[in-house]
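K.L.:
Dropping the structure in here first, questions after.
The values are calculated or read from the model by the stated rules, or taken from the named source; none is laboratory data. The shown structure was predicted, so the numbers you read here are calculated from the model rather than taken from an experiment. Cβ atoms come from the backbone with ideal geometry, glycine included; neighbour counts cover every protein chain shown. Keep in mind that these areas ignore ligands, DNA and RNA; they rest on the heavy atoms of the full protein, side chains included. Shrake-Rupley method; radii C 1.70, N 1.55, O 1.52, S 1.80 Å.
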Amino acid sequence: MPGDPLPVDLRSDTVTRPTDAMRQAMATAEVGDDGYGEDPTVRALEEAYAERVGKEAAVFVPSGTMANQIALRLLGRPGTAIVVGRRQHVVIYEDGAAGTNTATSWHLLDDEDGFLHPNAVREAVAAADHHWLPVSAVFIEDTHMPAGGRPWSVDELDAVAAAAADLPIHLDGARLFNAERATGVPAAARARVATTVMTCLSKGLGAPVGSELAGPADLMDQGRHERKRLGGAMRQAGVLAAAGLVALEHHVERLDEDHARARQLADAVAERFPDAGLDPMSVATNVVVFRPPDAAALVAHLAANRVLSGTIAPGVVRLMTHLDVDDTGLAHAIEAICRF
């Protein structure tokens, strides 16, 4: 009905609407042709992100999927394998893009707990001496979304880097700043082991469009060519980058609010569904993943009560807090869960 409040949308942290500050920045952004490298706002965003993650340079791209696909083209070699967790975004949530965009294969490892085990990485690399494909790169995801937004520890990152030896590492840091806030370890320290790192500005940081890919300057120069080959070159993109700058400068610390609300959601879910496999204490960021007795019925019930949710695998429900979920919306969602 006209005038009804918007539903509480917990499907993803990509559903946020630009803030007033973002809209103002977009309206007044200084722009140029980014195809010629002449957009000053895009350059400012790329430089700011590269500095935050401790890399030489960065490239602004339309999406996190494109950033991951560019990294695959930069680090993977034809006829080789990429070591990666079987549940990582680049494997199962990018519409099989790797099969179209690269000539590499996957060497899939178990990542049920959200990270790659060093011994498994070491074995994958050594398998080339036993008639397996040689490995050209290792991909990791921090935070690991299907494992409930689990952030890696620095020790885990270092251990995988040691197991990878001299191989390049790509860090899918779509929610890297969630990991930074949850652990207190700065993004640059988390990305230290990575050759390339990407972050989505349009997820927890709340920008309407865009991601950043960072790494060595010469590799990012090549990344611009790969971006163009994938159709991602943009022109007066400063109107988008302006919102990304606001997100990067003003929305990182507020991620703590999302994390606190996710923990409250997790408490309600665990109380209502004690056998759903969710330990609220494991919820460190903004992702709540669980297996209720009837996922489809729960999603339908929530929708009927103006709470939007979704699934990420058969029987697996995901709820995500973000910039557009306030305490009132959270209370409404918790009430709907309890009434199921």
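K.L.:
Looking at Thr321, Thr328, can you tell me which residue is out of contact with any Gly (no Cβ under 7 Å at 6 or more places or on another chain), open to solvent by 40 Å² or more (accessible area, probe 1.4 Å) and more than 15 Å from Glu271 (Cα to Cα)?
P.N.:
Values: Thr321 fails: open to solvent by 40 Å² or more (accessible area, probe 1.4 Å).
Criteria check complete, one pass: Thr328.
K.L.:
Applying the selection to segment 111-140, what residues are of a type in the set (D, E, K, R), open to solvent by 10 Å² or more (accessible area, probe 1.4 Å) and under 19 Å from the mean Cα position of the chain (by Cα)?
P.N.:
Residues of segment 111-140 that are of a type in the set (D, E, K, R), as a first pass: 111-113, 122-123, 129.
Imposing the further condition that a residue be open to solvent by 10 Å² or more (accessible area, probe 1.4 Å) reduces the set to 112-113, 122-123, 129.
Across segment 111-140, the qualifying residues are Glu112, Asp113.
K.L.:
Which ones in segment 95-106 are acidic (Asp, Glu) and either in contact with an Asp or Glu (Cβ under 6 Å, 6 or more places away or on another chain) or crowded, with 19+ Cβ neighbours inside 10 Å (or both)? Steps first, answer last, please.
P.N.:
Of segment 95-106, the ones acidic (Asp, Glu) are 95.
Matches in segment 95-106: none.
K.L.:
Filter segment 61-71 for residues that are among the hydrophobic types (A, V, I, L, M, F, W, C), within 14 Å of His225 (Cβ to Cβ) and open to solvent by less than 10 Å² (accessible area, probe 1.4 Å) and give the result. Break it down stepwise before answering.
P.N.:
Taking segment 61-71 and keeping what is among the hydrophobic types (A, V, I, L, M, F, W, C), we get 61, 66-67, 70-71.
Narrowing further to those that are within 14 Å of His225 (Cβ to Cβ): 61, 66, 70-71.
If the condition is that a residue be among the hydrophobic types (A, V, I, L, M, F, W, C), within 14 Å of His225 (Cβ to Cβ) and open to solvent by less than 10 Å² (accessible area, probe 1.4 Å), then Val61, Ile70, Ala71 are the ones that fit.
K.L.:
Could you grab me the full set of residues in segment 1-45 that are under 21 Å from the mean Cα position of the chain (by Cα), among the β-branched types (Val, Ile, Thr) and in a helix (DSSP H, G or I)?
P.N.:
Answer for segment 1-45, where residues must be under 21 Å from the mean Cα position of the chain (by Cα), among the β-branched types (Val, Ile, Thr) and in a helix (DSSP H, G or I): just Val42.
K.L.:
A follow-up question, please. Any idea which of Gly114, Gly79 is of a type outside the set (Asp, Glu), touching a Phe, Trp or Tyr at 6+ places or on another chain (Cβ under 8 Å) and assigned to a loop (DSSP other than H, G, I, E, B)?
P.N.:
Working: Gly79 fails: touching a Phe, Trp or Tyr at 6+ places or on another chain (Cβ under 8 Å).
Going through Gly114, Gly79 in turn, the sole match is Gly114.
K.L.:
Take the residues in segment 74-90 that are out of contact with any Asp or Glu (no Cβ under 8 Å at 6 or more places or on another chain) and open to solvent by 30 Å² or more (accessible area, probe 1.4 Å); name whichever of them is farthest from Arg175 (Cα to Cα). Break it down into steps so the answer makes sense when it comes.
P.N.:
Initially, segment 74-90 is screened for residues out of contact with any Asp or Glu (no Cβ under 8 Å at 6 or more places or on another chain), giving 75-84.
Among the residues that remain, those that are also open to solvent by 30 Å² or more (accessible area, probe 1.4 Å) are: 77-79.
Values: Arg77: 27, Pro78: 29, Gly79: 30 Å.
Per the stated criteria, the residue is Gly79.
Conditions tested, residue by residue: (1) out of contact with any Gly (no Cβ under 7 Å at 6 or more places or on another chain); (2) modelled with pLDDT of 95 or more; (3) assigned to a helix (DSSP H, G or I).
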position	(1), (2), (3)
Gly244	no, yes, yes
Asp258	no, yes, yes
Glu271	yes, yes, yes
Thr285	no, yes, no
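K.L.:
Still on this model: Mind checking whether some residue in segment 139-150 is of a type in the set (Phe, Trp, Tyr) and in contact with a strand residue (DSSP E or B) (Cβ under 6 Å, 6 or more places away or on another chain)?
P.N.:
Narrowing segment 139-150 to residues of a type in the set (Phe, Trp, Tyr): 139.
Checking the rest, the ones that are also in contact with a strand residue (DSSP E or B) (Cβ under 6 Å, 6 or more places away or on another chain) come to 139.
Yes: segment 139-150 contains one or more residues that are of a type in the set (Phe, Trp, Tyr) and in contact with a strand residue (DSSP E or B) (Cβ under 6 Å, 6 or more places away or on another chain).
K.L.:
Which is modelled with pLDDT of 95 or more, part of a helix (DSSP H, G or I) and either over 27 Å from Val288 (Cα atoms) or of a type in the set (D, E, K, R) (or both), of Ala98, Ala58, Ala67, Ala48?
P.N.:
On the way: Ala98 fails: modelled with pLDDT of 95 or more; Ala58 fails: part of a helix (DSSP H, G or I); Ala67 fails: either over 27 Å from Val288 (Cα atoms) or of a type in the set (D, E, K, R) (or both).
When all the criteria are applied, what remains is Ala48.
K.L.:
Any idea which residue in segment 246-255 is farthest from Asn68 (Cα to Cα), counting only those that are open to solvent by 60 Å² or more (accessible area, probe 1.4 Å) and assigned to a helix (DSSP H, G or I)?
P.N.:
Filtering segment 246-255 for residues open to solvent by 60 Å² or more (accessible area, probe 1.4 Å) gives 249-250, 253.
Narrowing further to those that are assigned to a helix (DSSP H, G or I): 249-250.
On the way: Glu249: 23, His250: 25 Å.
So, considering only residues that are open to solvent by 60 Å² or more (accessible area, probe 1.4 Å) and assigned to a helix (DSSP H, G or I), the one farthest from Asn68 (Cα to Cα) is His250.
K.L.:
Related question: Out of all the residues in segment 22-49, which are touching a residue at least 40 places away in the same chain (Cβ under 8 Å) and polar (S, T, N, Q)?
P.N.:
Thr28, Thr41
K.L.:
Of the numbered conditions (1) open to solvent by less than 10 Å² (accessible area, probe 1.4 Å); (2) more than 26 Å from Ala187 (Cα to Cα), Val287 fails exactly one; give the number of that condition.
P.N.:
Just one mismatch for Val287, condition (2).
K.L.:
I'd like to know if segment 234-241 contains one or more residues that are in contact (Cβ under 8 Å) with a residue 60 or more places away in the chain, within 21 Å of Gly37 (Cβ to Cβ) and under 19 Å from the mean Cα position of the chain (by Cα). Spell out how you get there, then give the answer.
P.N.:
Within segment 234-241, the subset in contact (Cβ under 8 Å) with a residue 60 or more places away in the chain is 234-241.
Those still in the list that are within 21 Å of Gly37 (Cβ to Cβ) too: 234-241.
Then keep just the ones that are under 19 Å from the mean Cα position of the chain (by Cα); that gives 240-241.
Yes, there is a match, as at least one residue in segment 234-241 is in contact (Cβ under 8 Å) with a residue 60 or more places away in the chain, within 21 Å of Gly37 (Cβ to Cβ) and under 19 Å from the mean Cα position of the chain (by Cα).
K.L.:
Here's something else I'd like to know. Are there any strands (runs of 3 or more DSSP E) wholly within segment 145-232 with 1 or more residues that are open to solvent by less than 40 Å² (accessible area, probe 1.4 Å) and closer than 19 Å to Thr285 by Cα, and if so which? So that I can check it myself, show each step before the final result.
P.N.:
On the way: elements: 169-172, 196-200, 211-215.
It comes to 169-172, 196-200.
K.L.:
Restricting attention to segment 177-213, report how many residues are within 14 Å of Val42 (Cβ to Cβ) and either of a type in the set (A, V, I, L, M) or over 14 Å from the mean Cα position of the chain (by Cα) (or both). So that I can check it myself, show each step before the final result.
P.N.:
As a first pass, look at segment 177-213 and keep what is within 14 Å of Val42 (Cβ to Cβ): 201, 207, 209-213.
Okay, now just the ones that are also either of a type in the set (A, V, I, L, M) or over 14 Å from the mean Cα position of the chain (by Cα) (or both), so 201, 207, 209, 213.
Residues meeting the conditions: 4.
To keep it simple, each residue is scored yes or no on (1) over 30 Å from Asp155 (Cα atoms); (2) in contact with a helix residue (DSSP H, G or I) (Cβ under 8 Å, 6 or more places away or on another chain); (3) aliphatic (A, V, I, L, M).
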{"residue": "Gln24", "(1), (2), (3)": "yes, no, no"}
{"residue": "Thr28", "(1), (2), (3)": "yes, yes, no"}
{"residue": "Ala48", "(1), (2), (3)": "no, yes, yes"}
{"residue": "Val53", "(1), (2), (3)": "no, yes, yes"}
{"residue": "Met66", "(1), (2), (3)": "no, yes, yes"}
{"residue": "Val90", "(1), (2), (3)": "no, yes, yes"}
{"residue": "Leu116", "(1), (2), (3)": "no, yes, yes"}
{"residue": "Ala126", "(1), (2), (3)": "no, no, yes"}
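K.L.:
Right, here's the next one. Suppose the filter is within 28 Å of Gly206 (Cβ to Cβ), free of Cβ contacts under 8 Å to residues at least 60 places away in the same chain and in a helix (DSSP H, G or I); does Ala262 pass it? Don't jump to the end; show me each part of the working.
P.N.:
Numbers: within 28 Å of Gly206 (Cβ to Cβ): yes; free of Cβ contacts under 8 Å to residues at least 60 places away in the same chain: no; in a helix (DSSP H, G or I): yes.
No: the conditions fail for Ala262.
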